[in-house]
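Worksheet: one structure, shown below.
The values are calculated or read from the model by the stated rules, or taken from the named source; none is laboratory data. All figures in this text were calculated on a predicted structure; none of them were measured in a lab. Ideal geometry is used to build each Cβ from the backbone, glycine not excepted, and the neighbour counts take in all protein chains shown.
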Amino acid sequence: MDTIIVSLNVFFFKEIEIGLYSAIAIYLMGKMIDILFEGIYFTKLLLIISNKNEEIAKQIGDKIKRGTTGLFGKGMYTNEEKLILMCAASRGDIAKIKMIARKIDPESFIVITNSREVVGLGFKKT
């Protein structure tokens, strides 16, 4: 919606500078609102259910430099016990991790959730 408004502004008033300043202001306001509501240390948590967990975990470690943790779970529908990979990552790494998991196992099941704060190696110290 903002893109349409900025584009129409440039089109009608023939002032590209105003459009550029508006786009920058909208971007900065969006980032400020994210920081205000989500906090500075806001991260994402991925839960990956796959039959190729070891390969996915290795690729995430090698390419993204993020660690993964294996959690034991049981599918209540299938009654199968499975290893679930848990990985905390920044917003920028989410698409890369999804791509790695889906490339290795197109049938993988991925849950991405918000994590308010992560403390530890690679994240916030205290």
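For the stretch 51-72, what are the residues that are assigned to a loop (DSSP other than H, G, I, E, B) and more than 16 Å from the chain's Cα centre (by Cα)? Once the filter is applied, which keeps residues that are assigned to a loop (DSSP other than H, G, I, E, B) and more than 16 Å from the chain's Cα centre (by Cα), the stretch 51-72 yields 51, 52. Just give me the residues in the stretch 66-99 being closer than 17 Å to residue 113 by Cα and hydrophobic (A, V, I, L, M, F, W, C), in sequence order. Within the stretch 66-99, 71, 84, 85, 86, 87, 88, 89, 94, 95, 97, 99 meet the criteria.
Return the residues of the stretch 103-126 that are among the aliphatic types (A, V, I, L, M) and part of a loop (DSSP other than H, G, I, E, B); say none if nothing qualifies. Across the stretch 103-126, the qualifying residues are 118, 121. Residues of the stretch 53-60 include at least one that is among the β-branched types (Val, Ile, Thr), without any contact (Cβ under 8 Å) to a residue 60 or more places away in the chain, surrounded by 10 or more Cβ atoms within 10 Å (Cβ to Cβ) and within 30 Å of residue 106 (Cβ to Cβ).
Checked against the criterion of being β-branched (Val, Ile, Thr) and assigned to a helix (DSSP H, G or I), the candidates 84, 48, 100 yield just one match: 100.
Of everything listed in (1) within 17 Å of the chain's Cα centre (by Cα); (2) hydrophobic (A, V, I, L, M, F, W, C); (3) at pLDDT 95 or above, the single unmet condition for residue 89 is (3).
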